[in-house]
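The values are calculated or read from the model by the stated rules, or taken from the named source; none is laboratory data. Note that this is a predicted model, so its numbers are computed, not measured. Using ideal geometry, Cβ is built from the backbone for each residue, glycine included, and neighbour counts are taken over all protein chains shown.
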Amino acid sequence: MYAIDLSGQSALITGASRGIGSVIARRLADAGAAVAINYRSRGAEADAVVDSIRNSGGHAIPVPGDVSDEAAAEVVVKSAAEQLGRLDILVNNAGINRDRLLMRMSVSDWDEVLSVNLRGTFLPTRFAVPLMVRQRYGRIVNISSVVGLSGNPGQANYAASKAGQIGFAKAVAREVASRNITVNAVAPGFIEFEDTGGMTAGLTDEQRQQILTRIPAGRFGSADDVAAAVVYLVSPGASYITGQTLTIDGGLIA
């Protein structure tokens, strides 16, 4: 096994002020990449991520902006590329959920989730791809979910957005493969992390045990499990992998 070295590369991670996004940013920085920490409203938390990376000897910058807004997304991508000198890696991580059964789901519940999760993937990718085409190199990873593959009651909007990220990755991968750009997705299952709790937040002990019986690995995943997959997919060793979805779920939907 070889150590992954991303020295000299630059990465933009959307929605990276906390949760999985912040851990992905830290792991990319650990591998040597300079990272841009995008956030919409959690400036203090984004600054804390930037400081932690810098204190560990890495290079990080904060880049504010709502990536579901066209003008703001363009500024986010261009700002990251200009400040870091280039843009090699884009991780589309920004996402929200508004869980309700379909018959109680409002149009605003639907629109907001699709806007942040799917439009917020399309727009940064739309502005990043021309930069990557010109340099004939790029790595794009969408943070989807197993819910986008299996569905889940009460999450029709979330599942649709996450399935859309997977289809989007497959289509764009075919468009840009000849320019040495790969586009993939990762689909986490039940992931725990310290700052927000992840998909296991709010579960009772009984619910946790019921879910664990469905996971062959016998445990919930960690944000590091997801980050490790992302670091691999953007590494030189994954240069022949594109249009794929890597499921990080301990065998839940195998």
Inside segment 169-213, can you point out the residues that are assigned to a helix (DSSP H, G or I), modelled with pLDDT of 90 or more and surrounded by 20 or more Cβ atoms within 10 Å (Cβ to Cβ)? Ala169, Val172
Number of the condition not met by Ala160 [criteria: (1) farther than 16 Å from Val67 by Cβ; (2) in contact with a strand residue (DSSP E or B) (Cβ under 8 Å, 6 or more places away or on another chain)]: (2)
Counted residues in segment 228-242 being farther than 12 Å from Val141 by Cβ and either assigned to a loop (DSSP other than H, G, I, E, B) or at pLDDT below 95 (or both) come to 2
If you check Ala33, Ala71, which single one turns out to be farther than 19 Å from Val183 by Cα and more than 15 Å from the chain's Cα centre (by Cα)? Ala71
